[in-house]
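Step one of this worksheet: look at the structure below.
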Amino acid sequence: PVQGGVGRIRVEVDAANLSGTTDPTASTYGVIVNSGHTVYSSGSSINDHVIDTPSHSAGDVIYIAFACDDVQTITWPSGFTPIYANDDIEGESTWGLAYKVAGASEPATYTVSIGVAERAVAIAWSTSNDAGIDNASTTNGGDGTTATCNAATTTEANDLILRIVAADYGLTLPHSTITDYTMLDQVELDSGASLSVQFITQASVGSTGTA
């Protein structure tokens, strides 16, 4: 892709709809995105990428969104379950999303490993009142400057909807904020990848729609 253009985008993840509560009728309970997320980028081509653990409490759910150059196999830290394990970005790069429930004592960092030494970026955050994954959309990709996230269907009220965009080349920021969404953060790396995470709470059960 041309430097400065969005280029190939894997863009998507409606990522996951997270059940906001074990009592879906209790609208005062919802998934809370905690402050203190962390952002990682490595301009060096390495296999093991060490990401700072975000602020959290025991029982919170910790998420890592990760993107790297080249088509890769991602090895997630111990205890993490991938929602999207190794999604290649139009045959040029790879991205993924994984999560774990925080224990009483989490390490200060997590290491995400890839098979071929390359540059990478990541965003890590935690959520409270997270009762598990409600649903996850299929991913979507292509070339160009516009990313469309597919829809997923929620089955519980007050789900937290995540939209994650990953592109195969740096210098593509800023990613625009979807109407009514909150941009958690975004990160890019020249000749590496770019990544952004946005979220919104959906009060009612049903389709998230595309975005």
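Brief remarks on what is shown
- Accessible area per residue, Å², segment 109-211 with all protein chains present, probe 1.4 Å: 38 Å²
- Cα gyration tensor, segment 65-106 - rounded (a/c under 1.5), prolate or oblate: prolate
- Pairwise Cα inverse-distance average, inverted: Kirkwood Rh of segment 83-146 (Å): 14.8 Å
- Prolate/oblate/rounded call for segment 69-211, Cα gyration tensor, a/c under 1.5 rounded: oblate
- Cβ-derived FRET efficiency at R0 22 Å, Asn86 paired with Ser44, nearest 0.05: 0.55
- Residue-by-residue Karplus 3J(HN,Hα) for segment 75-86, coefficients 6.51, -1.76, 1.60, Hz, glycine and proline x: 9, 7, x, 4, x, 8, 10, x, 8, 10, 7, 9
The values are calculated or read from the model by the stated rules, or taken from the named source; none is laboratory data. None of the values given here were measured: they were computed from a predicted structure. Ideal geometry is used to build each Cβ from the backbone, glycine not excepted, and the neighbour counts take in all protein chains shown. The protein model used for the area step is the full one, side chains on, heavy atoms only, and it has no ligands, DNA or RNA in it. Shrake-Rupley method; radii C 1.70, N 1.55, O 1.52, S 1.80 Å.
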